[in-house]
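S.K.: My questions all concern the structure below.
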Amino acid sequence: MNSYNSLLEKIEHAKDLDFSNLIDSVIELFKKLWLKGFLVVLLMVGFAIVINVLFSLIGLAPKNNLPYGGFDMESFFSFYSETVIYSIPQTILMSTITMALIAAFYRICKQYVLGEEVVDDYFYFLKKAYFSKLLMLGIIHTAITVTAQFMFLIPYIYAFVPLAYFTVVFANNPDLSEVEIVKASFKLGNKKWLITFGTMFVAGLLGMLGLLGCGIGVLFTMSIVYLPVFFIYKEAVGFEDSSQIEQIGVNDDSDY
C-alpha cells in the first residue's frame, strides 16, 4: 500500500513501457482468468438490468424523446442533453457498483500475478468499509463524465483514460481519500495517456471478437478491456505488500 506522496513519486518516475509487452501480458492473463472476468461482467450486466428496471419504475430512467421522421440538429442536441441529465442518478449508482466489482477483479488479478492464494470474493469492495468512498468516487466519476459529454467528443476521449485509473488506484490504495485517488489517477493517466489509450483500444477490439459468437460471446471476452490499466499500474507503480490492504475491513466482514 502506498502513501499519497509515495504514490505520486512513483508515478512521476515511472519507467517507459513497451506496447507489445503490455499486450502480451494482457492476453496471457486473460487466458488464465477469463472465467473470473466473465463472472464480473455477468454481475455488472445483472446489476445494470435491475437498476434500469428500478429507475424506470420510479420514473427516473432516461426518456426516448428523439422525434421520428427525419434528423433535426436542434432536436438531437435537446435529446442528447436530456438523456445525459436524466441518466445522472442511475449513472452514479451504476458507476459505484461497477467500480466495486472491477476493483474485486483487480484484487483477484493481483493475487494471481503475485502467486498468492486467489480468493474469488467479487463483492469484497461492496462492504460498508469501502462503499461510502466508492459512492463518492462514483459521483466524481459521473460529474467528470457528464461535463466531458456536454463538451462532446475530444474532451470525453481525453477524460476516458484518467477515469479508467480510478478503480485500479482505489483497489490498491483504499486508504487514500477520494480526492487523492482522483489526483493520482489523473497524474498516472496523463503521464501514460497514449500507451493507455492504445492498449485499451486494442484490448477493446479483442473484446469485441466475442460478437462473433452470436453476440452473447462478448460477455466472455469483454473483461480483457480492464487489464491494460492493471498492467500499466503494475509496471509504473508496482504492488506493495497486500497484508495491510487485506486488514482493512477485516472487522467489517459482516457489514454489507
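S.K.: Between F47 and W193, how high is the FRET efficiency from 1/(1 + (r/R0)^6) when r is the Cβ-Cβ distance and R₀ = 30 Å? Nearest 0.05.
M.R.: Working from the Cβ atoms, E equals 0.55.
S.K.: Rounded to the nearest 0.05, what FRET efficiency do F239 and T147 have when you use their Cβ-Cβ distance and R0 = 41 Å?
M.R.: Step by step, r from the Cβ atoms, then E = 0.80.
S.K.: Ordered by residue, what ³J(HN,Hα) values in Hz, to whole numbers, does the stretch 223-231 give under the Karplus form 6.51 cos²θ - 1.76 cosθ + 1.60, where θ = phi - 60° and Gly and Pro are x?
M.R.: My calculation for the stretch 223-231 gives 5, 4, 5, 8, 7, x, 5, 4, 6 Hz in order.
S.K.: With a/c under 1.5 counting as rounded, go ahead and sort the stretch 161-223 into rounded, prolate or oblate using the C-alpha gyration tensor (a ≥ b ≥ c being the square roots of the eigenvalues; past the cut-off, prolate if a/b is larger than b/c, else oblate). Mind showing how you got there, number by number?
M.R.: Details: a/c = 4.61, a/b = 2.02, b/c = 2.28.
It comes out oblate by the Cα gyration axes.
S.K.: Let me ask something additional. Leaving out ligands and nucleic acids, and using a 1.4 Å probe, what accessible area per residue does the stretch 123-200 come to in Å²?
M.R.: 41
S.K.: Estimate the FRET efficiency between E28 and S56 by the formula 1/(1 + (r/R0)^6), using the beta-carbon distance for r and 45 Å for R0, to the nearest 0.05.
M.R.: The value I calculate is 0.65.
S.K.: Considering Cα pairs under 8 angstrom that are at least six residues apart, work out the relative contact order of the stretch 175-229 and quote it in whole percent.
M.R.: Taking the mean separation of contacting Cα pairs over the length of the stretch 175-229, I get 30 percent.
S.K.: Which whole-number value in Å³ per residue fits the convex hull of the alpha carbons of the stretch 134-197?
M.R.: Residue-normalised Cα hull volume stands at 68 Å³.
S.K.: Let me ask something else about it. Between F19 and I85, what length in nm is gained on full extension when 0.36 nm per residue of separation is reduced by their alpha carbon distance?
M.R.: 20.0 nm is the gain from fully extending F19 to I85.
S.K.: ³J(HN,Hα) across the stretch 30-41 via Karplus (A = 6.51, B = -1.76, C = 1.60, θ = phi - 60°), whole Hz, x for Gly/Pro?
M.R.: Listing the rounded values in order: 4, 4, 7, 10, 4, 5, 5, x, 4, 5, 5, 4 Hz.
S.K.: Once you put a point 7 Å from the Cα of F38 and another 7 Å from the Cα of E116, both along the Cβ direction, what distance in nm separates them?
M.R.: Calculated label separation equals 2.6 nm.
S.K.: For the stretch 99-206, what does the alpha-carbon gyration tensor say about shape, rounded, prolate or oblate, given a ≥ b ≥ c as the root eigenvalues, a/c under 1.5 as rounded, and a/b over b/c as prolate?
M.R.: In terms of gyration-tensor shape, oblate.
The values are calculated or read from the model by the stated rules, or taken from the named source; none is laboratory data. Nothing here was measured: the structure is a model prediction, and the numbers come from that model. When we count neighbours, we look across all protein chains shown, and the Cβ atoms used for this are built from the backbone with ideal geometry, even at glycine. For the accessible areas, the whole protein counts, side chains as well, though only heavy atoms, and no ligand, DNA or RNA atoms are used. Shrake-Rupley method; radii C 1.70, N 1.55, O 1.52, S 1.80 Å.
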